[in-house]
Amino acid sequence: MRRFKIPAGSCVYRVDQESESIFLVRSGRVDLTTPYPETGEGVDATVGPGYVFGEVEIIDGRKRVSNAKASENCELVEIGRDELMEILYLKPEKSLLLGKSTFERLKDLYSEQSLDADLARLREEMLLGIRDAVVAHESRVVKSHNGMAAIAIPIILMIVLAVGAYWFFHRA
């Protein structure tokens with residue numbers, strides 16, 4: 001477990017980084033955001049003291065799906081994957097410090113026993129799918145604008161040259 005302070009505006013982690021730890025907010029606020037190429041970052045959630053974030057990627061074993069950025073000066077506790085597993089399996093009484101809300105969220109997402117669990121899991125999958133589709137679309141739009149400029153500039157230059165040549169050869 002490592003305690004550290006982070007100034008407002010600093011990133012705790014970024015999209016596609018490996019998930020090696022979870023974070024507990026001791027003080028301050030952290031924005032969980034999704035980057036969009038054309039419009040910037042969208043804030044998905046803001047978490048404050050007592051809240052744990054970054055846990056779902058640890059359990060799933062996937063890379064980060066959002067950015068975590070301090071919206072004000074923060075004190076955080078970082079709990080590595082191995083230490084987290086030790087807390088969960090060897091010292092279950094200490095797992096309470098991870099917070100009831102985290103366990104309720106995970107239970108909703110991963111329980112196989114109810115329609116509500118299926119809906120929660122589907123909602124999470126749809127959110128990630130929609131976010132990925134929007135990011136991919138905005139990337140294509142940005143690339144297409146650059147592609148249009150690459151086509152338009154030579155055409156404009158040809159028109160200017162043609163008008164200039166016409167004017168040059170047809171002036172009286």
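The values are calculated or read from the model by the stated rules, or taken from the named source; none is laboratory data. Computed from a prediction, not measured in an experiment: that's the story for all the values here. As a convention, Cβ positions derive from the backbone with ideal geometry for all residues, glycine included, and neighbour counts pool all protein chains shown.
Below are the figures for this structure:
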| read-out | value |
| --- | --- |
| The range 70-109, subset modelled with pLDDT of 80 or more and polar (S, T, N, Q), residue surrounded by the fewest Cβ atoms within 10 Å (Cβ to Cβ) | 73 |
| Lone unmet requirement of (1) under 20 Å from residue 84 (Cα atoms); (2) surrounded by 18 or more Cβ atoms within 10 Å (Cβ to Cβ); (3) modelled with pLDDT of 90 or more; (4) among the hydrophobic types (A, V, I, L, M, F, W, C) for residue 6 | (1) |
| Residues of the range 43-69 that turn out to be under 17 Å from residue 124 (Cβ atoms), loosely packed, with under 15 Cβ neighbours inside 10 Å and within 12 Å of the chain's Cα centre (by Cα), as a count | 3 |
| Matching residues, the range 1-24, being in contact with an Asp or Glu (Cβ under 8 Å, 6 or more places away or on another chain) and in a loop (DSSP other than H, G, I, E, B) | 1, 8, 19 |
| Hey, residue 28 modelled with pLDDT of 85 or more, of a type in the set (Gly, Ala, Ser), farther than 17 Å from residue 80 by Cα and surrounded by 13 or more Cβ atoms within 10 Å (Cβ to Cβ) or not | yes |
| Residue among 27, 71, 66 that is touching an Asp or Glu at 6+ places or on another chain (Cβ under 8 Å) and touching a residue at least 60 places away in the same chain (Cβ under 8 Å) | 71 |
